[in-house]
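The values are calculated or read from the model by the stated rules, or taken from the named source; none is laboratory data. As the structure is a prediction and not an experimental result, all values here were calculated from the model. Backbone-built Cβ (ideal geometry, glycine too); neighbour counts: all protein chains shown.
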Amino acid sequence: MSQFNIEISETSNQNIVKFIANSFLTRSTSYEFKNIDDAKTSPLAQQLFYLPFVKTIYISQNFIAIEKYNIVEWKDVQQEVADSILEYLNAGKPVIIETDAPIKVPATVYAESTPNPSVMKFVVNKTLATGIFEFKNIDDATHSPLAKALFNFPFIKEVFISNNYVSVMKHNVVEWQEISMEIREFIRKFIENGKPILNDEIFNNVDTPSNSSSSEINTSEKNEKAHTDIEKEIISILDEYVKPAVARDGGHILFDSFNKETKTVRVILQGACSGCPSSTITLKNGIETMLKEMLHGQVDSVVAING
């Protein structure tokens, strides 16, 4: 049995801290518990409610988020909580006890066009993945049942999964009006049947093609200490001003490197942004101009690498 690791992560709410595991804790369902009686289906949550400062517990995919009462500060107790969760998980005890057969939960999926005519974004009314996952072919999709299933369609070229959407890149042999309804229905039924989007192994294979360049937790965030001050500023600007807009279009942008001599920033484009005809215009008129202005001449150009 694989051993768990727990990472402590702050949130925008000072009363809530996330305890992130390196494997899935639940499959396709998220849980919220307000008190110990409410947590009858989760022995782990019941154990945590014995801590007097615990107000609410959220369990979803690969993390547990806990909201505390104001009687303590997280810095004084968060390590104790992390150790308690880690000990519980490594003892092989269940996080959730399913008393009945899982009930199908209706899923809503709608299609959105993107600036890339080869890519369609399929948005779901629930979270599919915590992180960024890009699959270039069926071999990359070993640890993603959904992506692997999608590659069985001969016209699908690439699959990108993040948050609550799936971006699909097609080959040019078909038009979207011919296939978008079929893909949308396929994704909806896949989710409603409770099939896993990702397997646990994807969190333990950080060097595989499916998430070597796409998992921000495993790359840029953990390597942040190695970045120079100017690189940290560039990453901060990309995170705050660029990524949200790119995500709305079904894509992702990731900092790759900065050449101080040539003042050149290299970024990785993924999902709908990869190979998009308008990406050059976006880079030059948007991102490059923004970095030039905000960093006062420390950046001259931005170059894209398709993920």
Positions within segment 31-80 being within 19 Å of LYS93 (Cα to Cα), surrounded by 12 or more Cβ atoms within 10 Å (Cβ to Cβ), among the hydroxyl-bearing types (Ser, Thr, Tyr) and out of contact with any helix residue (DSSP H, G or I) (no Cβ under 8 Å at 6 or more places or on another chain), in sequence order: THR41, SER42, TYR58, SER60
Matching residues, segment 1-12, being of a type outside the set (Asp, Glu), in contact with a strand residue (DSSP E or B) (Cβ under 7 Å, 6 or more places away or on another chain) and over 19 Å from LYS93 (Cβ atoms): ILE8, SER9, THR11
Odd one out for VAL95 among (1) under 26 Å from GLU201 (Cα atoms); (2) modelled with pLDDT under 85; (3) surrounded by 19 or more Cβ atoms within 10 Å (Cβ to Cβ); (4) β-branched (Val, Ile, Thr): (2)
Any hit, segment 59-70, residues being closer than 19 Å to ILE8 by Cβ and aromatic (Phe, Trp, Tyr): yes
Number of the exception - ASP38 against (1) touching a residue at least 12 places away in the same chain (Cβ under 8 Å); (2) in contact with a strand residue (DSSP E or B) (Cβ under 9 Å, 6 or more places away or on another chain): (1)
Any hit, segment 113-120, residues being in a loop (DSSP other than H, G, I, E, B) and loosely packed, with under 14 Cβ neighbours inside 10 Å: no
Lone qualifier among SER23, SER12 - being free of Cβ contacts under 8 Å to residues at least 12 places away in the same chain and either at positive phi or not basic (Lys, Arg) (or both): SER12
Hits in segment 128-180 - residues which are part of a helix (DSSP H, G or I), over 30 Å from ILE20 (Cα atoms) and of a type in the set (Val, Ile, Thr): ILE179
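Does segment 33-46 include one or more residues that are outside any helix (DSSP H, G or I) and either in contact with a Cys (Cβ under 7 Å, 6 or more places away or on another chain) or on the phi > 0 side of the Ramachandran plot (or both)?
Looking for residues that are outside any helix (DSSP H, G or I) and either in contact with a Cys (Cβ under 7 Å, 6 or more places away or on another chain) or on the phi > 0 side of the Ramachandran plot (or both), one finds none in segment 33-46, hence no.
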Failed criterion for ASP100 (all others in (1) at pLDDT 90 or above; (2) more than 30 Å from GLN14 (Cβ to Cβ) hold): (1)
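I'd like the full set of residues that are modelled with pLDDT under 90 and either aromatic (Phe, Trp, Tyr) or part of a loop (DSSP other than H, G, I, E, B) (or both), limited to segment 47-79.
Correct list: GLN61, ASN62.
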Qualifying residue in segment 13-28 (condition: touching a strand residue (DSSP E or B) at 6+ places or on another chain (Cβ under 8 Å), closer than 30 Å to VAL124 by Cβ, in a loop (DSSP other than H, G, I, E, B) and β-branched (Val, Ile, Thr)): yes
Some residue of segment 227-250 being buried (at least 20 other Cβ atoms within 10 Å of the Cβ), modelled with pLDDT under 60 and under 21 Å from the mean Cα position of the chain (by Cα): no
